[in-house]
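> The structure that follows is given in the form of structure tokens.
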Amino acid sequence: MIEYSKLQIGCMLIVIYIAFIYFRERYAYKVKNKEIVFELLLFTGIFSIAFDGITAYTVNRLNKVPVLLNDIFHTCFLCSLDAIVFLIFLYIMDITRGLPKKRKARIFISLPFAVNMTAVILFMPKITYCHGEITNYSMGNPVYTCYIMVAVYMLGSVILLICGRKNMGHNKLITITTCIVAALAVTVYQMIHPQALLTSLVSVFVIIGAYLNMENPLLQKLSAHNKEMVMGFATLVENRDGSTGGHIRRTTTYVEMLAKELESRGLYKDELTEDYIKNLVMAAPMHDVGKIAIPDAILQKPGKLTAEEFDVMKTHAAKGGEIIKETFQSMGDDEYEKIAYQVARFHHEKWNGKGYPEGLSRKEIPLCARIMAVADVFDAVSAKRCYRDAMPLEQCFSIIENGSGQDFDPYITDVFLDMKEIITNIVESS
């Protein structure tokens, strides 16, 4: 068996080792969030490579292996190959746009997979085994339908990658691009040279790339620590004006709710990818970081600020952007740094162009800052401050509603007001 299955055995050992390390590190670092698609990719990869190796052996022992048994092994292999390609597509969708939540969308993307699995099973009696110069190999309708499905989902993966490239982190983009190019090269070569039997490499390329650059539990743990550090630093800055961290927690909650609801409604879908929302939620606590440069006499003044004092206070937006650039430029996460900078610098810009520090208007204002603006203003008026009491909630919602199309993006405002009941519960519980 080793004579015909050396590649598959090597690939199997690699994937089993990655699976062992992955689950061991998840346990060691106490990572709780489940990466369902990646874990399915691991198990299906092992299954697919195993049957790839078995069929590489049985197809070269046609005189010793019963035809029915050989057909069963090939059915398992072709179906598992379909499954692994489908899961690769789902994985790329998950890390670029997120998996679809609507039932119709889930059915649509799963339909080619279901049809092809059915076709492979129904056409299996028509499979043929060919004698090649190097090795025997299988052809016929089941193989052709499998090739078609592989082509469909590989093309879909490429489209997802191209459409989502602008909102993916640099490291993630390089990793996924490399994996897809390698998988495509192997797939095309296998189709042209059916004797090659290289399909197991597709699983290995994707699994290794995903694990090393995205799914390593240590990286997830470090990301969680970074998030805690950001929240701690933001809370420290906020405490200077007499707050206790409530403002950043609430505004971060509003921002996350808003972004996810906008995404679920199909608004700004080219920008609101899963990565974008994650970075926005992590950047939201840093929106007022520039206040660290504002003198205490102004920041903590119990009464109304003078015109001169207010001019000084307004500088916190520009200074916040500068602090983000100076502090986070060495983190190696360009997308997070960009969003954090935009949130800090532009969250006081207004839809009508009368905000600060640059007087941007409408969609000149980055989306992350437009979302942050609504959350920030609502919490500012609904919470007690050193210079005034909290306003009644109805008045707070009226301020947001009246600012639609003037201070705020009207689409974001509408979505925020639609969540009035949920937001009211958050305010009251806090």
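> Can you name the residue in region 153-202 that is free of Cβ contacts under 8 Å to residues at least 40 places away in the same chain and not in a helix (DSSP H, G or I) and is also most open to solvent (accessible area, probe 1.4 Å) among such residues?
His193
> If Leu305 satisfies all but one of (1) outside any helix (DSSP H, G or I); (2) in contact (Cβ under 8 Å) with a residue 12 or more places away in the chain; (3) surrounded by fewer than 20 Cβ atoms within 10 Å (Cβ to Cβ), what's the number of the condition it fails?
Status for Leu305: all satisfied but (2).
> Looking only at region 382-410, which residues are closer than 30 Å to Glu337 by Cβ and among the β-branched types (Val, Ile, Thr)?
Ile400
> Looking at Lys30, Lys6 in this structure, which one is among the basic types (Lys, Arg) and either in contact with a His (Cβ under 9 Å, 6 or more places away or on another chain) or on the phi > 0 side of the Ramachandran plot (or both)?
Residue meeting the stated conditions: Lys30.
> On the given criteria, is Asp414 of a type in the set (Asp, Glu), open to solvent by less than 10 Å² (accessible area, probe 1.4 Å) and in a helix (DSSP H, G or I)?
no
> Kindly establish whether Leu262 is assigned to a loop (DSSP other than H, G, I, E, B), at pLDDT 80 or above and not β-branched (Val, Ile, Thr).
No.
> Could you check, for region 266-289, whether at least one of its residues is at pLDDT below 80, within 22 Å of Glu322 (Cβ to Cβ), touching a helix residue (DSSP H, G or I) at 6+ places or on another chain (Cβ under 8 Å) and part of a helix (DSSP H, G or I)?
no
> From Glu394, Glu322, grab the single residue that is open to solvent by 60 Å² or more (accessible area, probe 1.4 Å) and either free of Cβ contacts under 8 Å to residues at least 12 places away in the same chain or in contact with a Ser or Thr (Cβ under 8 Å, 6 or more places away or on another chain) (or both).
Glu394
> Restricting region 78-99 to residues that are free of Cβ contacts under 8 Å to residues at least 60 places away in the same chain and out of contact with any Cys (no Cβ under 9 Å at 6 or more places or on another chain), which is nearest to Asp275 (Cα to Cα)?
Leu90
> Quick one: Ala56 ticks every box in (1) small (Gly, Ala, Ser); (2) without any contact (Cβ under 8 Å) to a residue 12 or more places away in the chain; (3) surrounded by 23 or more Cβ atoms within 10 Å (Cβ to Cβ) except a single one, so which number is it?
Among (1) small (Gly, Ala, Ser); (2) without any contact (Cβ under 8 Å) to a residue 12 or more places away in the chain; (3) surrounded by 23 or more Cβ atoms within 10 Å (Cβ to Cβ), Ala56 violates only (2).
> Among Phe108, Phe113, which is the only one that is buried (at least 19 other Cβ atoms within 10 Å of the Cβ) and closer than 30 Å to Asp275 by Cβ?
Sole residue among the options that is buried (at least 19 other Cβ atoms within 10 Å of the Cβ) and closer than 30 Å to Asp275 by Cβ: Phe113.
> Here's another thing I want to ask about it. So how many residues does region 325-337 have that are assigned to a helix (DSSP H, G or I), touching a residue at least 12 places away in the same chain (Cβ under 8 Å) and not aromatic (Phe, Trp, Tyr)?
Of the residues in region 325-337, 4 are assigned to a helix (DSSP H, G or I), touching a residue at least 12 places away in the same chain (Cβ under 8 Å) and not aromatic (Phe, Trp, Tyr).
> So, of the residues in region 346-391 that are outside any loop (DSSP other than H, G, I, E, B) and open to solvent by 40 Å² or more (accessible area, probe 1.4 Å), which turns out to be farthest from Gly164 (Cα to Cα)?
Of everything passing the filter in region 346-391, Arg388 is farthest from Gly164 (Cα to Cα).
The values are calculated or read from the model by the stated rules, or taken from the named source; none is laboratory data. The structure presented is a predicted model; accordingly, all values stated were derived computationally and were not measured. Positions of Cβ are generated from backbone atoms using ideal geometry, with glycine treated the same way; all protein chains shown enter the neighbour counts. Side chains are part of the model used for accessible areas, which takes the heavy atoms of the whole protein and leaves out ligands, DNA and RNA. Shrake-Rupley method; radii C 1.70, N 1.55, O 1.52, S 1.80 Å.
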